[in-house]
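Have a look at the structure below, then the notes.
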Amino acid sequence: MTTQKRKTTTKTDLKGALTRLLREKDFEAISVSDITREAGVNRGTFYLHYVDKFDMMNQLIDEILQNILILLKEGNPKNKEEALPSIVKIFEYLREDFDFIHAMTLNRFNYTTKLIHDFLYELTKQITPIQETIQSVYPLPADYATEVFIYSNSAIFIHWIQKGAVESPEEIAKIFFRMTV
């Protein structure tokens, strides 16, 4: 097994362990020892990848956000119709990593909120019709209007996750777009 493959497997094992533990107890009560024991790796291996459990969580969140942004930028959407396939892909991606995202949402709500906020902020910057909708619907200074838009639309993501991703990615993307533009 190559070093890269082993590194990926170890990080996957650690993420899976954290996911299982988040379903059982609060993040604050989880130790690095708990994570490594659950993953079946030693603490030294954990510290090759992460500084501590907070660094681990931050890296996992950053990875999700980067993957979402890549999906959003595919096809360089400039309007609602062009953006819909990218949004469907984003919901498909979230569904593929649903165990972790759901556990994180139940346990570390502020991490999920930041992830969704950052994604929606990028969405507002990239799709002109959304910017126009924000300006016309919310008669506020631009930065306040954007925040109102982001937080109201975050509710769709969070509700979908908390419900267990019952709706298909296509269904939830259409619901999301009915609210955005």
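The values are calculated or read from the model by the stated rules, or taken from the named source; none is laboratory data. Predicted model, so just to flag it, every value in this text is computed and none were measured. No Cβ is skipped: glycine too gets one built from the backbone with ideal geometry, and neighbour counts run over all protein chains shown.
Against the condition of a type in the set (Phe, Trp, Tyr), at pLDDT 85 or above, within 12 Å of the chain's Cα centre (by Cα) and not in a loop (DSSP other than H, G, I, E, B), how does PHE100 come out, does it pass? Outline the logic, then answer.
Working: of a type in the set (Phe, Trp, Tyr): yes; at pLDDT 85 or above: yes; within 12 Å of the chain's Cα centre (by Cα): yes; not in a loop (DSSP other than H, G, I, E, B): yes.
Answer is yes for this residue.
What residue, among those in region 103-127 that are of a type in the set (A, V, I, L, M, F, W, C) and in contact with a Leu (Cβ under 8 Å, 6 or more places away or on another chain), is modelled with the lowest pLDDT?
Applying the filter and picking the extreme gives LEU106.
Output the residues belonging to region 133-153 that are surrounded by 16 or more Cβ atoms within 10 Å (Cβ to Cβ) and modelled with pLDDT of 85 or more. Step through it out loud before you land on a result.
Filtering region 133-153 down to residues surrounded by 16 or more Cβ atoms within 10 Å (Cβ to Cβ) leaves 133-134, 138, 145-147, 149-150, 153.
ILE134, TYR138, ALA145, THR146, GLU147, PHE149, ILE150, ASN153, listed by residue number.
Of the conditions (1) under 15 Å from ILE87 (Cα atoms); (2) touching a helix residue (DSSP H, G or I) at 6+ places or on another chain (Cβ under 6 Å); (3) small (Gly, Ala, Ser), ALA103 fails just one. Which one is it?
For ALA103, the failing item is (1).
From the residues in region 33-74 that are surrounded by 13 or more Cβ atoms within 10 Å (Cβ to Cβ) and outside any helix (DSSP H, G or I), which one is nearest to the chain's Cα centre (by Cα)?
For region 33-74, the residue satisfying everything is TYR50.
May I ask you to say which residue of ASN79, ASN58, ASN42 is within 30 Å of ARG178 (Cβ to Cβ) and either touching a strand residue (DSSP E or B) at 6+ places or on another chain (Cβ under 7 Å) or of a type in the set (S, T, N, Q) (or both)? Reasoning before the result, please.
Values: ASN58 fails: within 30 Å of ARG178 (Cβ to Cβ); ASN42 fails: within 30 Å of ARG178 (Cβ to Cβ).
Only one candidate qualifies: ASN79.
Tell me the residue from ILE130, ILE30 that is surrounded by 15 or more Cβ atoms within 10 Å (Cβ to Cβ), aliphatic (A, V, I, L, M), more than 20 Å from the chain's Cα centre (by Cα) and at pLDDT below 85, please. So that I can check it myself, show each step before the final result.
Numbers: ILE30 fails: at pLDDT below 85.
Step by step, each of ILE130, ILE30 is checked, and only ILE130 is surrounded by 15 or more Cβ atoms within 10 Å (Cβ to Cβ), aliphatic (A, V, I, L, M), more than 20 Å from the chain's Cα centre (by Cα) and at pLDDT below 85.
Pairs needed: first member in region 154-171, assigned by TED's automatic domain parsing to the domain that holds LEU123 and surrounded by fewer than 17 Cβ atoms within 10 Å (Cβ to Cβ); second member anywhere, at pLDDT 90 or above and not in a loop (DSSP other than H, G, I, E, B); C-beta distance under 6 Å; at least 6 residues apart or different chains.
Taking only residues 6 or more apart or on different chains, the pairs are ALA165/ARG95; ALA165/PHE98; GLU170/VAL88.
Listed residues ASP26, ASP34, ASP99; which is farther than 22 Å from TRP160 by Cβ and touching a residue at least 24 places away in the same chain (Cβ under 8 Å)?
Numbers: ASP34 fails: touching a residue at least 24 places away in the same chain (Cβ under 8 Å); ASP99 fails: farther than 22 Å from TRP160 by Cβ.
Residue meeting the stated conditions: ASP26.
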